[in-house]
Amino acid sequence: QEHTMQQWIGTNHDRQQSPEYITSALQIALKLTQFLIEDDAMPLESIAANNVRITTSRGKEGGGGEGSKEAVEMAWIMSSMGERPAVGTVSARLFAMGVILYELFSGEKPIMGDTMASNATSVEHINLADGTESSGSNNHGRPQKRPQLHATPFGDKKMSNLMARLEGKGLPWSIRFLIKSLLDFSEGDSCGDDAYSSFIELQQDLSLMLDDPSR
């Protein structure tokens, strides 16, 4: 059965704080990461929660009915290509993944600046450092107006609030730290010692969380 990410979250809302939900969400996160490693030309503006699709199946236990166990088979991102799709920097792509994972694990969109995170964002003309758009116009001669998903830094207080929300959901520290490491790219290129430099590193951590949680 195919779901949007929001549909999957809604279907599993009642067990959102359970270990089973966290495990399934980790499986989705890992499959999405692997998808983006394979499709490294996916437009940056497509890496958004509204474009995530998830395929699940139910095992034979319980006859395949409501009581049977649901397994995550596939997770991918649908491309919503614009006129000039920008691939974006690795930092911007990792940040976009962080926004997706925040919603996946919390069931909520992160608040960015004064607005909720947008799912229809292009960052081709946005300066990550100060949140401004470069000069230019679209084909109709009007200034471009785009939601600024990657343009508004969180700041320490907002980041603390976001992490508090995740803690309130009962998420393990390792997952909270992973999401924070991705969202830290809202400031541009993260230069922290624990910053991810590639989706390969993110894949390795997600694999460890599933296969060897003690590490």
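Worth a mention:
- Of everything in the stretch 28-48 that is in a loop (DSSP other than H, G, I, E, B) and open to solvent by less than 10 Å² (accessible area, probe 1.4 Å), the residue that is nearest to LEU171 (Cα to Cα) is ALA48.
- Cross-chain or 6+ apart pairs with Cβ under 8 Å, the stretch 1-27 first and open to solvent by 60 Å² or more (accessible area, probe 1.4 Å), then outside any strand (DSSP E or B) and of a type in the set (Ser, Thr, Tyr): ARG15/TYR21
- SER68 vs. criteria under 20 Å from VAL99 (Cα atoms), at pLDDT below 90 and either in a strand (DSSP E or B) or in contact with a helix residue (DSSP H, G or I) (Cβ under 9 Å, 6 or more places away or on another chain) (or both): no
Each row is one residue, and each column tells you yes or no for (1) over 21 Å from MET42 (Cβ atoms); (2) modelled with pLDDT under 60; (3) open to solvent by less than 70 Å² (accessible area, probe 1.4 Å).
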{"residue": "GLY88", "(1), (2), (3)": "no, no, yes"}
{"residue": "GLU103", "(1), (2), (3)": "no, no, yes"}
{"residue": "PRO153", "(1), (2), (3)": "yes, yes, yes"}
{"residue": "ARG176", "(1), (2), (3)": "yes, no, yes"}
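- Within the stretch 155-172, if we keep just the residues that are basic (Lys, Arg) and outside any loop (DSSP other than H, G, I, E, B), the residue that is farthest from GLU20 (Cα to Cα) turns out to be LYS157.
- One residue stands out in the stretch 180-201 among those that are under 22 Å from ARG165 (Cα atoms) and not small (Gly, Ala, Ser): the one that is modelled with the lowest pLDDT, namely GLU187.
- A Cβ distance below 6 Å, combined with a sequence gap of six or more or placement on separate chains, defines the contacts here; from the stretch 183-207, residues that are part of a helix (DSSP H, G or I) reach residues that are modelled with pLDDT under 85 and open to solvent by 20 Å² or more (accessible area, probe 1.4 Å) in the pairs ASP184/SER190; SER186/PRO153; GLU187/PRO153.
- SER134 open to solvent by 30 Å² or more (accessible area, probe 1.4 Å), hydroxyl-bearing (Ser, Thr, Tyr) and either within 21 Å of ILE47 (Cα to Cα) or at pLDDT below 70 (or both): yes
- Residues in the stretch 13-24 that are within 18 Å of the chain's Cα centre (by Cα) and outside any helix (DSSP H, G or I): GLN16 alone.
- The residue pairs whose first member lies in the stretch 85-109 and is among the small types (Gly, Ala, Ser), whose second member is part of a loop (DSSP other than H, G, I, E, B) and buried (at least 22 other Cβ atoms within 10 Å of the Cβ), and whose beta carbons are closer than 6 Å, counting only pairs six or more residues apart or on different chains, are GLY88/VAL123; ALA92/VAL123; ALA92/HIS150; ALA96/ILE47.
- Taking the conditions (1) at pLDDT below 95; (2) open to solvent by 30 Å² or more (accessible area, probe 1.4 Å) in turn, ARG53 satisfies each one other than (1).
The values are calculated or read from the model by the stated rules, or taken from the named source; none is laboratory data. Not measured: the values here are computed from a predicted model. Don't worry about glycine lacking a Cβ; one is built from the backbone with ideal geometry, like all the others, and counts go over all protein chains shown. These accessible areas exclude ligands, DNA and RNA; they are computed on the full protein's heavy atoms, side chains included. Shrake-Rupley method; radii C 1.70, N 1.55, O 1.52, S 1.80 Å.
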